[in-house]
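Asks: Take a look at the following structure, please.
The values are calculated or read from the model by the stated rules, or taken from the named source; none is laboratory data. All figures in this text were calculated on a predicted structure; none of them were measured in a lab. Note that we place each Cβ from the backbone using ideal geometry, even for glycine, and neighbour counts take in every protein chain shown. With ligands, DNA and RNA removed, areas are computed over all heavy atoms of the protein, side chains included. Shrake-Rupley method; radii C 1.70, N 1.55, O 1.52, S 1.80 Å.
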Amino acid sequence: MNTPLTPVLRQRGRASVDFLVHFGKGAQGVRAQLEREIAGVVPDPAMLPDDLDERDAWMETSLGASRAWRVSKAVSEWHSTMHGLIAREAFEEVLPDLEPAIARYQTGGPASLEPAGPEDSAPSYWQGVNFHRTAGGWEDHPQQGYIHGEIVHRRLVEAMYPGGIFLQRRAIAAMPPRDDYARILDMGASTGHFTAALQETYPSAQITGVDLSLRALEHAQRVANAHGWPWRLYQRAAEQTGFADGSFDLVASYILLHELPAAAIRGVFAEAFRVLEPGGDMIMSDVTRYADMDRLGVWRADSGARYGGEPYWRESASLDLATVAREAGFVDVSAAGLGPRAYPHVVQGRKPL
């Protein structure tokens, strides 16, 4: 759905973004050849080493002479390094066209945003990490939220997975057991894609979102204002929101947890339990659990996470989220991977009355 915030890329930026998309798609033949070679060296995934680091070293040695392996690694490295920079260059080219809409919707509308105070420091796991290999991190560019939300996601990721990323968010938003909620907390709201899915699913709800990135939240505020949604956004950690006990009847997150170390994930579930009213519902979705893959699948996911700039993926994907939810106090806990690749992994639970 287009809004006044939707970018109309100029020729150079559009060509660069399209090249990035087709460069990734054009490597499918190389990846198919690599899969055939992997099947030759790994006839049975159970033969791979137990330890993940040993497994990675074994695969590197076994595929070292493969041209397809070397090309695939080079493509992944270039794509991971360049996607954010290309999106930024495309944005800079059209910034003069977008400035009126950006300025209008930053403050003009019903949504509010409370930045962290000068006394509030970000958690150590957040500091100095360029998540997704975004050059300079989430706060490096004053419009990084716009670039990520409107160009990286809508022009790059959506092109690689047509229709999927936004349909999936809406499907997850519709999974909680009630037809309506009054007060919803989105943990890790980022630029508001899942927040919008929650708002569209429960149009009468008051939506609150927290995230550590001010740049991302600024764009979420613009999105909300452009639609007339009165979101309340706060620059706070999901594991320490500062809201009163029992403030919400639904707490949700979409693909946040793999950005956090295990201790913070446990803190997120504990915080979700605390801020839920008795009888309230929780739904968290994240990446496929390593327990749901064979050893070769785990190696693929782990390798991809390293290329993608995901320092906590292994730690997170190794957790049993259903157990974490029960330890936090949730009951009626369910957890399952959706789709053919068990992605996303969705865990739900209820705070007892």
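Asks: Put +1 on the Cβ of each Lys and Arg and -1 on the Cβ of each Asp and Glu in region 238-353; which of Ala301, Gly242, Pro261 then has its Cα farthest toward the positive end of the dipole?
Replies: Checking the options against the dipole of region 238-353, the answer is Ala301.
Asks: State the dimensionless ratio Rg/Rh of the chain (Rg: radius of gyration of Cα atoms; Rh: Kirkwood radius).
Replies: Values: Rg = 20.8 Å, Rh = 21.4 Å.
Ratio of gyration radius to Kirkwood radius: 0.97.
Asks: If you don't mind, there's one more thing I want to ask. I'd like the carbon and sulfur percentage of the solvent accessible area for the chain, probe radius 1.4 Å, heavy atoms only, ligands and nucleic acids excluded.
Replies: Working: 8420 of 15680 Å².
Exposed carbon and sulfur together represent 54 percent of the surface.
Asks: Let me ask another. Per residue, how big is the convex hull of region 174-216 when only Cα atoms are used? Give it in Å³.
Replies: Details: hull volume 2.7 nm³, N = 43.
Per-residue hull volume (Cα only) is 63 Å³.
Asks: Something else about it: Cα atoms only: what Rg and Dmax, in Å, come out for region 140-208?
Replies: 13.4, 40
Asks: Separate question: Enter the accessible area per residue of region 1-156 (Å², integer; probe 1.4 Å; all protein chains in place). Please list the in-between numbers first.
Replies: Values: 8440 Å² over 156 residues.
Dividing the accessible area of region 1-156 by its residue count gives 54 Å².
Asks: Which one, Ala65, Gly29, Pro43, is farthest towards the positive end of the dipole of region 1-159 when Lys and Arg carry +1 and Asp and Glu -1 on their Cβ?
Replies: Gly29
Asks: I've got another one for you. If a paramagnetic tag sat 7 Å from the Cα of Thr6 along the Cα-Cβ line, which residues of region 193-237 would have the backbone N under 20 Å from that point?
Replies: Label zone hits: 193-201, 219-229.
Asks: Report the rotationally averaged projected area of region 140-285 based on its alpha-carbon convex hull, in square nanometres.
Replies: Numbers: hull surface 33.8 nm².
One quarter of the hull surface, i.e. the mean projection, equals 8.4 nm².
Asks: Quick check: the distance between the Cα centres of region 53-80 and region 166-204, to the nearest angstrom?
Replies: About 38 Å separates the Cα centre of region 53-80 from the one of region 166-204.
Asks: Which residue fluctuates the most in the chain, going by a Gaussian network model with Cα springs under 10 Å, if the choices are His132, His148, His22?
Replies: For the chain, modelled as a Gaussian network with Cα springs under 10 Å, the answer is His22.
Asks: Quick test of the membrane-span-like rule: which DSSP H helices of the chain reach at least 15 Å along their long axis (C-alpha atoms) with mean Kyte hydropathy at least 0.0? Walk me through the numbers on the way to the answer.
Replies: Numbers: long enough: 11-26 (21 Å, -0.34); 28-41 (20 Å, -0.25); 52-63 (16 Å, -0.80); 67-107 (51 Å, -0.36); 214-227 (20 Å, -0.49); 262-275 (20 Å, 1.04); 295-307 (18 Å, -0.71).
Helices passing the filter in the chain: 262-275.
Asks: Set the Förster radius R0 to 51 Å, insert the Cβ-Cβ distance between Ser204 and Asp292 as r into 1/(1 + (r/R0)^6), and round the FRET efficiency to 0.05. Don't skip to the end; give the middle numbers.
Replies: Numbers: r = 36 Å, r/R0 = 0.70.
It comes to 0.90.
Asks: When you take every Cα atom in region 45-136, what is the radius of gyration, and what is Dmax, the widest Cα pair distance, in Å?
Replies: 21.8, 60
Asks: Sort out the exposed loop trypsin sites (Lys or Arg not before Pro) in the chain (DSSP loop, at most 14 other Cβ within 10 Å) and tell me the longest stretch that has none.
Replies: Values: sites that count: Arg10, Arg178, Arg341.
The segment 11-177 is the longest one with no such site.
Asks: About the Cα centre of region 1-122, what is the dipole size in debye to 20, counting +1 per Lys and Arg Cβ and -1 per Asp and Glu Cβ, all else neutral?
Replies: Details: 12 positive and 19 negative charges, 179 e Å.
Charge dipole of region 1-122: 860 debye, to the nearest 20.
Asks: Using a 10 angstrom cutoff on alpha carbons, build the Gaussian network for the chain and name the most mobile of Asp56, Asp186, Asp281.
Replies: Sorting by GNM fluctuation, first place goes to Asp56.
Asks: A follow-up question, please. What's log10 of I(q)/I(0) for region 200-286 at q = 0.13, 0.22 Å⁻¹, Debye sum over Cα points only, no solvent?
Replies: -0.43, -1.24
Asks: How large is log10 of I(q)/I(0) for region 264-333 at q = 0.21, 0.26, 0.28 Å⁻¹ when the intensity is taken from the Debye formula with one equal scatterer per alpha-carbon?
Replies: Evaluating at q = 0.21, 0.26, 0.28 Å⁻¹ gives log10 I(q)/I(0) of -0.89, -1.13, -1.24.
Asks: Would you mind computing, in nm to one decimal, how far apart the modelled labels at Glu60 and Asn130 are, each placed 7 Å from Cα along Cα→Cβ?
Replies: Using points 7 Å along Cα→Cβ, the separation is 2.0 nm.
Asks: What nm value, rounded to one decimal, do you get for the distance between Met47 and Val94 when each label is placed 7 Å out toward the C-beta?
Replies: Label-label distance for Met47 and Val94, simple model: 5.0 nm.
Asks: A further question follows. Considering the chain as a Gaussian network with a 10 Å cut-off on Cα pairs, which listed residue, Ala173, Ala27, Ala216, attains the greatest mean-square fluctuation?
Replies: Ala27
Asks: Kirkwood hydrodynamic radius (Cα pairs, Å) of region 293-353? Mind dumping the intermediate values first?
Replies: Working: mean 1/r = 0.0768 Å⁻¹.
Hydrodynamic radius (Kirkwood, Cα only) of region 293-353 equals 13.0 Å.
Asks: I've got another one for you. In region 99-217, what is the volume of the convex hull around the alpha carbon atoms, normalised per residue and reported in Å³? Don't jump to the answer; show the numbers that get you there.
Replies: On the way: hull volume 16.6 nm³, N = 119.
Enclosed volume per residue, from the Cα hull, is 140 Å³.
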